[in-house]
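Notes to accompany the following structure.
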Amino acid sequence: MGRTIAARILDAIPTLWLVLTLVFVAMRMLPGDPAIAILGEKASLEQLNAFRERMGLNLPLWLQYLHFLRDAVTLNFGKSFQSSFTVSELVRLNLPYTIQLTLASTVIGTVISIPLGVMAAVRRDTMADDLSRVFSLVGYAVPDFFLAAILLVVFALDLGWFPINGGGEGFVDTLWHLALPAIALGLIKAAFVSRLTRSSLLEVLGFDYVRTARAKGAEEPRVIYRHALRNALLPVVTGLGLSILSTLSGSVAVELIFGRPGVGSMLIGAIEARDYPVIEAGVVVFAIFVVLVNLAMDLIYTAIDPRVGAA
Amino acid sequence: MTLASLVVLAAIVLIAVFAEQVAPYNPLAQSILSVNQLPSAKHWLGTDQLGRDVLSRIIHGARTSLLLGISAPVLAAVIGTFLGLVGGYFGGWADRIIGRITDLLLAFPVLLLGIIVAAALSSGFWSMLMVLTIAFAPRFARIARASTLALRQAPFVEAAIAAGLGHGVILYRHILPNIIGPVVVVLTLWIATAIRLEATLSFLGLGTRPPFASWGNIIRDGLNAMFGSPWPIIAAGLAISITVLALNMIGDAVRDVLDPETRT
């Protein structure tokens, strides 16, 4: 287990380095002088020079790059241009909301998709299977932010059952604010994962050991849940991890729609305000998030299937 | 179902091509006298918060979505297939470099690429084309490389080498026609993804810039005027969903024909 983690983290380093380098290059490719862009055309030469000195913009590029890498490794991105907070404070304030949304929508997605996929596989080619196929076809086609917008308009604006924006305070209020965004993302995840559960389970149900289990008289639910599903879960776990990554942009959109705080809305706000330190930090946080999701998938793999760890 | 999807898709493509002739109004024409109208005989899908005709905006938005949705995956397929061919055929250091870049890009979320490019270059059609092409090309490279690798040892390829044909001729005449099948299957599926991503990026303000219409930014505008008419959101969302649904069904059908083993 320890070696898997270490190897995976080593694997992730080039990806993170590429992300950091791209962000650095992108920020330096911006047309015009960042000092003028931020202080405005009317800033005096002294002000501009002071700003350049403070931000390290007067140093040679390679030194700026090294400083930037050091800041990224130590997660110290300095101060935001547009607010009085430091960048780390902004990340600390926003990150919990993004984590809540990711966890809640993944739980909803799992709770819907696995039973649905099992049902579709067990009752293959029946009405139940057809309905689950329609569900996943629609889920593939409907953009997550459109579903979120519809839920917002119907259940928050028209019916007034849920709050229109914000992240909520206290446990109950937080859950109440979380409900619609998490359902929107969770349903889209469920569409993808239920199909995967179905095909994976169908494949496993054709194996010899399943026939053996049935032949020795095991009850059908035991065959499905104890014997088949455990082995069918590997691709499903990959699917869940992939769905977290592929709904990343959807989750940013959902944060915007529901006016939720979060890393996504922080990042989009920073792009509109050209708040470079915050953009850099947000991109790094998302890149670390991607690496962690991949790592978590590998660890769950090893837990479900001990053979993976040995290899 | 596949036939119905083809008909729907053909209709959408025709509408996009003849947007100027089909759209009842200029999609950019504002009118302060008719803002946030509900659907009527005059404006079939109502008007938005600037009094622009929603139907005309959806029709012109189809043009943006389809143009980008088709050109990005096609460009990615051309670049990716070329890289995969070269890597798989020649092997060695070229293959290692291409493989490494491919792995790195595959681990790189499209959203981050979109954000970085939008922050550095400003958003719009060309930066979105770049983002989606860079994001998709590695997926084609990987498929093309795997297929090329399998063909590299095939007797007819070895015969061609023995006959003294140049590498270019072998790649183009002997290998390419044999690997194009899987590439086309993937292409149809990525067109659907590209349309969805274009909508998402435009919704986030990283894609098509107003006043130009795209399905994503129509939804964005609609939400900003939240107490206005819900019709822009509904119409644009349905347009995306129907197009993607039709493309996915066609993609599944193409896959079933070209690759019967994965049929479910």
Residue A:102: accessible area at probe 1.4 Å, nearest 10 Å²?
30 Å²
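Between residue A:133 and residue B:149, what's the calculated FRET efficiency when r is the beta-carbon distance and R0 is 41 Å? Round to 0.05. If you can, show how the numbers build up before the last one.
On the way: r = 35 Å, r/R0 = 0.85.
Between residue A:133 and residue B:149 the formula returns 0.75.
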If one builds a Gaussian network model of chain B from Cα atoms under 10 Å apart, the most fluctuating residue listed among B:147, B:40, B:31 is B:40
So if a site counts as exposed when it's one of the trypsin sites (Lys or Arg not before Pro), its DSSP state isn't H, G, I, E or B, and it has at most 16 other Cβ atoms within 10 Å, what's the longest stretch of chain A without one?
A:125-215
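So how do A:90, B:258 rank on accessible area, 1.4 Å probe, biggest first, that is with the largest at the start? Walk me through the numbers before you get to the answer.
Details: A:90 25, B:258 95 Å².
In descending accessible area the options line up as B:258, A:90.
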Report the residue, chosen from B:175, B:191, B:59, that carries the largest GNM mean-square fluctuation when chain B is represented by alpha-carbon nodes joined by springs under 10 Å.
B:175
Could you compute how much accessible surface residue A:17 exposes when probed at 1.4 Å, giving the result in Å² to the nearest 10?
130 Å²
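For chain A, what does the relative contact order come out to in percent, with C-alpha contacts under 8 Å and a separation of six or more?
Working: 338 pairs, mean separation 79.1, N = 311.
Across chain A, relative contact order equals 25 percent.
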Mean-square fluctuation check for chain A, GNM, Cα pairs under 10 Å: which of A:57, A:245, A:295 is largest?
A:57
Whole-Hz couplings from phi, Karplus 6.51/-1.76/1.60, listed for the range B:188-196; x for Gly and Pro:
4, 6, 6, 4, 4, 5, 4, 5, 5
For chain B, take the longest principal axis of its alpha carbons; what is the angle in degrees between that and the long axis of helix B:110-121, to the nearest 10 within 0 to 90?
70 degrees
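Rank these residues by their accessible area, most exposed first, probe 1.4 Å: B:60, B:174.
Values: B:60 30, B:174 55 Å².
Result, largest first: B:174, B:60.
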5 angstrom amide H check on residue A:79, placed H, neighbours 5+ away
A:87
For the range A:111-140, list whatever residues lose no less than 40 Å² of accessible surface once every protein chain is in place, relative to that chain by itself, with the probe at 1.4 Å.
A:137, A:140
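Once the convex hull of the alpha carbons of the protein assembly as shown is built, what does its volume come to per residue, in cubic angstrom?
Details: hull volume 117.8 nm³, N = 575.
Enclosed volume per residue, from the Cα hull, is 205 Å³.
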What 222 nm value per residue comes from the helices of chain A, counting each DSSP H run with n ≥ 4 as -39,500 (n - 2.57) and dividing by all residues, nearest 500 deg cm²/dmol?
-25000 deg cm²/dmol
Place a point 7 Å from the Cα of residue B:103 in the direction of its beta carbon; the residues of the range B:42-86 whose amide N falls under 19 Å from it are B:83-86
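Mind giving me the FRET efficiency for residue A:303 and residue A:207? R0 is 30 Å, r the Cβ-Cβ distance, nearest 0.05 is fine. Before the final figure, lay out each step's value.
Working: r = 21 Å, r/R0 = 0.71.
Approximately 0.90, to the nearest 0.05.
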Tell me the angle of helix B:215-224 to the major Cα principal axis of chain B, expressed in degrees between 0 and 90 and rounded to the nearest ten.
40 degrees
Which ³J(HN,Hα) values in Hz, rounded to whole numbers, follow from the phi angles of the range B:14-27 under the Karplus curve 6.51 cos²θ - 1.76 cosθ + 1.60, where θ = phi - 60° and Gly and Pro get x?
4, 4, 5, 5, 9, 3, 4, 6, 7, 5, x, 10, 6, x
Angle between chain B longest axis and helix B:92-106 axis [Cα atoms, degrees, rounded to 10]:
20 degrees
With the contact rule set at Cα under 8 Å and sequence spacing of 6 or more, what percent relative contact order holds for chain B?
26 percent
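How many Å² of accessible surface get buried when A and B come together, counting both sides, probe radius 1.4 Å, rounded to the nearest 100? Please list the in-between numbers first.
Values: alone 17290 and 13780 Å², together 27650 Å².
Approximately 3400 Å², summed over both chains.
With helices defined as uninterrupted DSSP H runs, which ones in chain A have an alpha carbon span along their own long axis of at least 30 Å and mean Kyte-Doolittle hydropathy of at least -0.5?
Numbers: long enough: A:2-29 (40 Å, 1.32); A:87-122 (51 Å, 1.33); A:171-205 (44 Å, 1.16); A:276-304 (42 Å, 1.99).
In chain A, the long hydrophobic H runs are A:2-29, A:87-122, A:171-205, A:276-304.
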Name the residues whose placed amide hydrogens come within less than 5 Å of the amide hydrogen of residue B:49, ignoring near sequence neighbours (fewer than 5 apart) on the same chain.
B:36
What is the range A:87-310 by shape, rounded, prolate or oblate, if you read a ≥ b ≥ c off the alpha carbon gyration tensor as root eigenvalues and call it rounded for a/c under 1.5, prolate for a/b larger than b/c, and oblate otherwise?
prolate
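The values are calculated or read from the model by the stated rules, or taken from the named source; none is laboratory data. Small disclaimer: the values here were computed from a predicted structure and weren't measured. With ideal geometry, Cβ positions are generated from the backbone for all residues, glycine too; neighbour counts draw on all protein chains shown. Just so you know, the surface numbers come from the protein's heavy atoms only, side chains and all, with ligands and any DNA or RNA stripped out. Shrake-Rupley method; radii C 1.70, N 1.55, O 1.52, S 1.80 Å.
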